[in-house]
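Here's the structure we're looking at; comments come further down.
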Amino acid sequence: MEKEEKMEKEKIEELRTEIARHDYLYHVLDQPEISDYEYDKLFTQLLQLEKQYPNWVSSNSPTQRVGGAPLDSFEKIEHRTPMLSLQNSYDEEDISDFSERVRQFLKTKEAIEFFCEPKFDGLAMELIYENGSLENAITRGNGQVGENVISNVKTIKSIPLKLQKAPKLLEIRGEVIMLKEDFKNLNAFQDENGLSVFANPRNAAAGSIRQLDPRITAKRNLKFFAYAPGVLDGIEFRSQSEFSDYILKAGLPGIGQNNSVQSINEFITETEKLLSQKATKLSDLKLAFCCQSSDEVIQYYHFINKIRHQLPFDIDGIVMKVNRLDYQDRLGFISRSPRWANAAKFQPEQSLSMVKDIVVQVGRTGALTPVAILEPTNVGGVIVSNATLHNQEEIQRKDVRIGDTVVIQRAGDVIPEVVSVVKEKRPDGSSPYLLPTICPECGGPVEKNEGEVVLRCTNQLCPAIFRESVKHFVSRRAMNIDKVGEKIVEQLIREGLVSTFSDLYVLKKEQLLKLDRMAEKSASNIIESIDRSRTPDFSRFLFALGIRFVGEQTASSLAQHFSSVDEFLVATEEALLQIDDIGPKVSQSVLHQLKNASFVNEVRRLITVGVHPVYERPTSNPDELPLKGVAIVVTGTFEQSRDEIKTKIKRLGGTCPSSVSKKTNYVLAGEAAGSKLKKANELGIPVLNWDGFENLVKGSK
Ligand code: IVH
């Protein structure tokens, strides 16, 4: 190998190790050391080197996490030892009985330690590391044979692709989950795009793993928690505790056991303290604990049940496992469950209520969402008085009617929903519920787009659509105008003070004071809060505009690509489609808005009234632009419009004079070019066709 090549190879290895370390710091410890920008720089550097040396691309390079080409199907793989299920307990007595059965089986009077941890509500997964390299990831399947979902699992950034100092074979079993927050965002995205929403984080995690297209999985932000060893070669553990400590040391994601406390009481006090410090990172919360008796397990069970809603992910119980692995071996299993472990489940958080009414809300995209108004009821400690019914199909499937007694559940601990109807309690004379055929707010027509399940109001002037758009504009993840809540938005619109987004930025305190029950202090707070929002990140600004299909992620991609509002407003289809995350649907939607004069005027007005987005992508150094100082006259017809081409030239640093002169560097001539082409030939100015132009741009980069 040439010396230079050798150095490049070393550089590739160095970058991979460095990126893996930053993945761990960010995704496992939640403690990044570098900015996203610096991370991206390392990543791009690695990508470029791998492109240059394709023979050195390795299946465990961090670049393989983005998700490769879609698969036709998953390969079936047999587990080396079966993946079992667990027997359940539901109360204190069941827990004591389990512990007693274990003691009798082992025929010992000794106290038996039980390693306890939360029971994650996700889907079981087996990771297989061979000589430290992640080779396969297999779902539980029927327990004997599962599906190899390795391409998808590689997109989970907290799972290392390579382990340092690893044994010959290391099988790690654990659970793939989706955090509640990510679940909420995913459903908002699904909803906005007319796609079906997931019932809970577990279904969302399972659905994301069973995707044949790993690029979709890569966007789902899944997490993994290791909880048990599978078959091993070259490493041994004596207990679950030892395994748990190893996991964290090896850089694998696990919940971690709290070793710093001596008793369950101390564990409880310490964990409560950590939880009360709201900013606590998940990696600081070591939620597993090795209990010394079944009484301690019972205390652990009640405590975890109490704090479950404060956790960022769903759990449905705790798992207690005999800590010593030699005991586990002796205990073995019975039918399909181990004798050494038991799941103590929490009572499901459901309760009964009555549907007093069904109302239909119109969202900012015009979507009609039916909502059940309920007799207020306590579901797991929270009073619920309405629940989403999603759409007409869901209402039909569950056959929910006004007057029905229904089972309510807080799915994913956040959004209450109607699970089912208690048909025996249905009052006489009720009839199936049908969504209105006109918009309940403006009376305008509603329609269902092809491939969607939701009905939408098609009246662009529908007051509900505008009202909801403003609520979105001011919301926390958009412009974050925190003192302008939903009620204030409604008042401002009702009083005629706000009829465009930009009107917010010219509001005067005196105008606010005229509103109902508006005190001096609140008015000042509102004005200050509006002022604070004048310098949003460009991605938030783009998200706030509420362009169809432009959610947070897409907005962020757009912001990475365009370095100013002006540049964005003249975006071409070609430019949009160049962006990774953007396909024809999103690009059509953006272009549609950009052709809408009132939208463009409103965006410009926002800037005029003093909104100054902070651009994520620093404006390129003008001296480095590929067409810097190059004058190109565009003439004739092309596939794209001349305006689009001129915009592109200008974006690349060039100028587009309208006539040919000696100062012209090139003439770009399309079909049926006339006098300008003739003039160019007379003056001896180089003439380019489209290919020539593209080469010029590429060559000068
Ligand atoms: S230990 C059965 N620990 O629960 C082998 N399992 O209902 C030992 N689960 O298929 C499993 N959290 O996917 C264990 N902390 C935890 C768990 C856990 C969730 C799942 C596991 C299993 C299912 C059985």
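The values are calculated or read from the model by the stated rules, or taken from the named source; none is laboratory data. Here the structure is a predicted model, which is why all the values come from computation and not from measurement. As a convention, Cβ positions derive from the backbone with ideal geometry for all residues, glycine included, and neighbour counts pool all protein chains shown. Ligands, DNA and RNA are stripped out before the accessible areas are found, and what is left, the full protein with its side chains, is counted by its heavy atoms. Shrake-Rupley method; radii C 1.70, N 1.55, O 1.52, S 1.80 Å.
Annotations
- Looking across segment 135-157 at every residue that is out of contact with any strand residue (DSSP E or B) (no Cβ under 6 Å at 6 or more places or on another chain) and under 24 Å from Leu25 (Cα atoms), the one that is nearest to the ligand (Cβ to nearest atom) is identified as Asn152.
- All positions within segment 211-268 that are among the polar types (S, T, N, Q), open to solvent by less than 20 Å² (accessible area, probe 1.4 Å) and without any contact (Cβ under 8 Å) to a residue 40 or more places away in the chain: Asn258
- Restricting attention to segment 71-99, the residues that are small (Gly, Ala, Ser) and in contact with a Phe, Trp or Tyr (Cβ under 9 Å, 6 or more places away or on another chain) add up to 2.
- Count of segment 323-366 residues, restricted to those that are open to solvent by less than 60 Å² (accessible area, probe 1.4 Å) and either within 11 Å of the ligand (Cβ to nearest atom) or over 16 Å from Ala228 (Cβ atoms) (or both), is 22.
- Residue in segment 1-12 that is more than 16 Å from the ligand (Cβ to nearest atom), under 26 Å from Arg215 (Cα atoms) and part of a helix (DSSP H, G or I) present: yes
- Test for Ser61: is it open to solvent by less than 10 Å² (accessible area, probe 1.4 Å), within 16 Å of the ligand (Cβ to nearest atom), out of contact with any Cys (no Cβ under 7 Å at 6 or more places or on another chain) and not aliphatic (A, V, I, L, M): no
- Only a single item in (1) in a helix (DSSP H, G or I); (2) more than 16 Å from the ligand (Cβ to nearest atom); (3) open to solvent by less than 80 Å² (accessible area, probe 1.4 Å); (4) not acidic (Asp, Glu) is not met by Ile77, and it is number (1).
- Each residue in segment 158-202 was checked for being within 16 Å of the ligand (Cβ to nearest atom), charged (D, E, K, R) and either outside any strand (DSSP E or B) or in contact (Cβ under 8 Å) with a residue 60 or more places away in the chain (or both), and 3 of them qualify.
- Of the residues making up segment 461-506, those that are open to solvent by 40 Å² or more (accessible area, probe 1.4 Å) and either out of contact with any helix residue (DSSP H, G or I) (no Cβ under 9 Å at 6 or more places or on another chain) or not in a loop (DSSP other than H, G, I, E, B) (or both) number 13.
- Residue check for Leu576: more than 24 Å from Val470 (Cα to Cα), without any contact (Cβ under 8 Å) to a residue 40 or more places away in the chain and not in a loop (DSSP other than H, G, I, E, B): yes
- Looking across segment 215-259, the residues that are touching a Gly at 6+ places or on another chain (Cβ under 7 Å) and within 14 Å of the ligand (Cβ to nearest atom) come down to Phe224, Phe225, Ala226, Tyr227, Ser244, Ile247.
- Taking each residue of segment 84-105 that is more than 17 Å from Gln299 (Cβ to Cβ) and in a strand (DSSP E or B) and looking for partners that are more than 13 Å from the ligand (Cβ to nearest atom) and open to solvent by less than 40 Å² (accessible area, probe 1.4 Å) with beta-carbon atoms closer than 9 Å, six or more apart or interchain, yields Gln87/Phe98.
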